[in-house]
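Novice: Here you go, one structure.
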Amino acid sequence: MMTSIKSTMTLFGALMLATSPAWAITVTNQAKQEHTLTVDLGATENDHKVAAGKSLNVDCPDGCALRLRSGPAGYDRMADKGDKLVINQDGFLLYADEELVTGSVKEKPTDKGTKGDARLK
């Protein structure tokens, strides 16, 4: 009986280790300096230091808000299990597949004229 309990507990522990990365959110610091990341879980907030060039796995099984205490602050990023975020060289917290857009238009304008455009006449 005792061997069965030990085997079950060992299997449960291995299963938890295998599935816990799916709950985690990965934040990679691509900046040249350390940043402080605040993880807001609703009732609690925790600060974590992320060294330059390092990654941090944050356990957020129900999702959380992430915010930088250092660098350009003032906004949160909502994150859910499995998300990957980066702290870029300018200290902005972005989703890994997101580009920083600062009001510029990504697409080139088409050659179609607009109302009042001489090319329409």
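Novice: Using a 1.4 angstrom probe on the protein heavy atoms only, could you order Arg69, Arg77 from most to least accessible area?
Specialist: Arg69, Arg77
Novice: Given the whole protein assembly as supplied and a 1.4 Å probe, what does the accessible area of Glu98 come to in Å², nearest 10?
Specialist: Number for this one is 60 Å².
Novice: What does the net charge come to around Cys60 if you take all other residues with beta carbon closer than 11 Å to its beta carbon, with K and R at +1 and D and E at -1?
Specialist: Neighbourhood net charge equals -4.
Novice: If we count every other residue with Cβ under 11 angstrom of Ala51's Cβ, Lys/Arg +1 and Asp/Glu -1, where does the sum land?
Specialist: +2
Novice: Give me the net charge of Leu41's neighbourhood, meaning all other residues with Cβ under 11 Å from the Cβ of Leu41; Lys, Arg count +1, Asp, Glu -1.
Specialist: Numbers: positive: none; negative: Asp40, Glu45, Asp59, Asp62.
For residues surrounding Leu41, the net value is -4.
The values are calculated or read from the model by the stated rules, or taken from the named source; none is laboratory data. Small disclaimer: the values here were computed from a predicted structure and weren't measured. Virtual Cβ from ideal backbone geometry, glycine too; neighbours counted across all protein chains shown. Note: areas computed on protein heavy atoms with side chains; ligands, DNA, RNA excluded. Shrake-Rupley method; radii C 1.70, N 1.55, O 1.52, S 1.80 Å.
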